[in-house]
Amino acid sequence: MGLLKLDFIDWLSFKDILPFEGIDTTFAEFCAQYSAVQTNWAYTYAAIIGIIILLIKKNKKWYWYLFLIIFSIMSVTSVGMHTANYGAFEPGVLTTKLLASYVDMSFTELTAWCGVCSFAMEFYQSKDSLKKRNMFLIGVSAITVLVLGILTYEVFVIHDRPLYFGGNGAPMDGKTGGMSIAEVGCIITILPMAYLFADNFKKMTGNEKALLALTIGVLIVAAIITALWGDNEIADFALGNFHGHSTWHMLGAIMELVIVFWVDQRETNRKLREAKFSAANFPS
């Protein structure tokens, strides 16, 4: 058996591939992967819409644009992961699926990193809070480098991404539940946001709090759905009418836009405070 097996499926012809024609998969898995491919584009659309909104509102905070750009790239790499060689994992072999999962997981981690950094830069802008901001940026960057290093070792050295958490070390073949170290690493990467939100919640206005709570709520609901109903096959979620992981994609895109609304509302509130301060101290 060779150690390299690459065979990409053309994105545009993916819809024409019929189950059971040279593809080792069930009909339910085929439908699930096809659904995951199509709904991934929701991230891209949300990112484009978000960037347009921020440009129209003349928001000059570059880090939110970077966040949306990385988010949109992640959606494209995820499409590639779902179509690559139609999901074949072979322990010890650098398959297309494994390589595609590396690219996809790398940008997933970068999205998490950029999200934490963006919120840290948003909350800690005063001179008094620069030290705290830099501490967050250095800390989350160190975690990201570690996660990407582990991911690189798994893919290019051992040619496998074992499911260490909940999978009892089983290979990532899509047939066993569980999480790899990199996936757990993504969760660890976003954990500092819990402190960021708690430390700054009282400082926000009511509408900012509401939008932030909605963001967190959508994320929790999406995580529960994809955790319980998975992404490998069409399950009984909503009587089989909605694919669990595809629902995660769609709710994630909604969360993406809610974050944009939060950013815009926060900037609007800041300008209103500056206008009131100016009017009170420098009356015409």
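Values as computed for the structure displayed
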{"read-out": "Set Leu66, Leu94, Leu98, Leu151: member being of a type in the set (A, V, I, L, M) and within 22 Å of Leu257 (Cα to Cα)", "value": "Leu66"}
{"read-out": "Of residues in the stretch 212-242 being closer than 25 Å to Ile190 by Cα, of a type outside the set (A, V, I, L, M, F, W, C) and touching a residue at least 12 places away in the same chain (Cβ under 8 Å), the one surrounded by the fewest Cβ atoms within 10 Å (Cβ to Cβ)", "value": "Gly230"}
{"read-out": "Condition check for Met179: in contact with a strand residue (DSSP E or B) (Cβ under 8 Å, 6 or more places away or on another chain), hydrophobic (A, V, I, L, M, F, W, C), surrounded by 20 or more Cβ atoms within 10 Å (Cβ to Cβ) and at pLDDT below 90", "value": "no"}
{"read-out": "Selection status of Asn207, of a type outside the set (A, V, I, L, M, F, W, C), surrounded by fewer than 15 Cβ atoms within 10 Å (Cβ to Cβ) and touching a residue at least 12 places away in the same chain (Cβ under 8 Å)", "value": "yes"}
{"read-out": "Residue match in the stretch 216-227 (condition: over 30 Å from Ala28 (Cβ atoms), outside any loop (DSSP other than H, G, I, E, B) and not small (Gly, Ala, Ser))", "value": "yes"}
{"read-out": "Residue match in the stretch 32-49 (condition: buried (at least 17 other Cβ atoms within 10 Å of the Cβ), touching a Leu at 6+ places or on another chain (Cβ under 7 Å) and in contact (Cβ under 8 Å) with a residue 12 or more places away in the chain)", "value": "yes"}
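The values are calculated or read from the model by the stated rules, or taken from the named source; none is laboratory data. Since the structure is predicted, the reported quantities are computational estimates derived from the model, not experimental observations. Because the Cβ atoms are built from the backbone with ideal geometry, glycine has one as well, and the counts that use them run over all protein chains shown.
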